[in-house]
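First comes the structure, then the notes that go with it.
The values are calculated or read from the model by the stated rules, or taken from the named source; none is laboratory data. Because the structure is a prediction, the values reported are computed rather than measured. Cβ: placed from backbone, ideal geometry, glycine included. Neighbour counts: every protein chain shown. For accessibility, only protein heavy atoms count, side chains too; no ligands or nucleic acids. Shrake-Rupley method; radii C 1.70, N 1.55, O 1.52, S 1.80 Å.
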Amino acid sequence: MTRNLINPASLHPAPGFSHITVAEPGKVAYFAGQVALAPDFSVIGGDDLGAQTEAAMRNIEIALKEVGASWGDVVRRTIYTLHPTEYEVMTAAIEKVQKSQEHPAQTIIGVTGLAVPGLLIEIEVTVRLPS
């Protein structure tokens, strides 16, 4: 098995990791956790969990397009957040971006901090690649 490491130019640089790993041969891609960072590493959404969730989901959307996938191809989602009990806020933001109320298997994990100060949420997904 080989792997293909992908870093979409529209996302912030990935120091020490890759945004996407595609296992080949195969049909599965593993996406690094995406956060509310702009390409210049500024935090999007301030201290608003909903706005940060939307921004992280938009970054996932960029990565999905990079490998020819869509929201319907996401088979697993893991959310790391400083506010794990605010799942209604996160769910509303996720549904707004993916334009659907259908959700893959998901786990929400409460954390005490993320890699960049000011971040409230990080979302990683596993994707079944289209044939």
Original post:
Once the Cα atoms of helix 87-98 and of the chain are each reduced to a long axis, what angle between those two axes, in degrees from 0 to 90 to the nearest 10, is obtained?
Top reply: 50
Subject >> Cα-only Debye scattering, the chain: base-10 log of I(q)/I(0) at q = 0.18 Å⁻¹ >> reply: -0.96
**OP:** Any chance you could tell me what percent of the C-alpha pair distances in the range 78-131 go past 15 Å?
**Re:** 53
**OP:** Can you check what the net charge comes to around THR78, using other residues whose Cβ is under 9 Å from the Cβ of THR78 (Lys, Arg +1; Asp, Glu -1)?
**Re:** 0
Original post:
Under 13 Å from the Cα of LYS96, which aspartates and glutamates turn up, not counting those fewer than eight places away in the same chain?
Top reply: GLU54, GLU61, GLU88
Subject >> the range 45-131: antiparallel DSSP beta bridges as a percent of all, rounded to 5 >> reply: 55
**OP:** Could you check how much of the accessible area of the chain is carbon and sulfur, as a whole percent, using a 1.4 Å probe?
**Re:** 53
Original post:
Residue farthest toward the positive end of the dipole of the chain, with Cβ of Lys/Arg at +1 and Asp/Glu at -1: which of GLY68, THR85, ILE108?
Top reply: GLY68
Original post:
Rounded to the nearest 500, what is the chain's calculated 222 nm mean residue ellipticity when only DSSP H runs of at least 4 contribute -39500 (n - 2.57) each, over all residues?
Top reply: -7500 deg cm²/dmol
**OP:** Could you work out the relative contact order of the range 41-102, using alpha carbon pairs under 8 angstrom and six or more residues apart, expressed as a whole percent?
**Re:** 44
Subject >> Accessible area per residue, Å², the range 15-59 with all protein chains present, probe 1.4 Å >> reply: 43
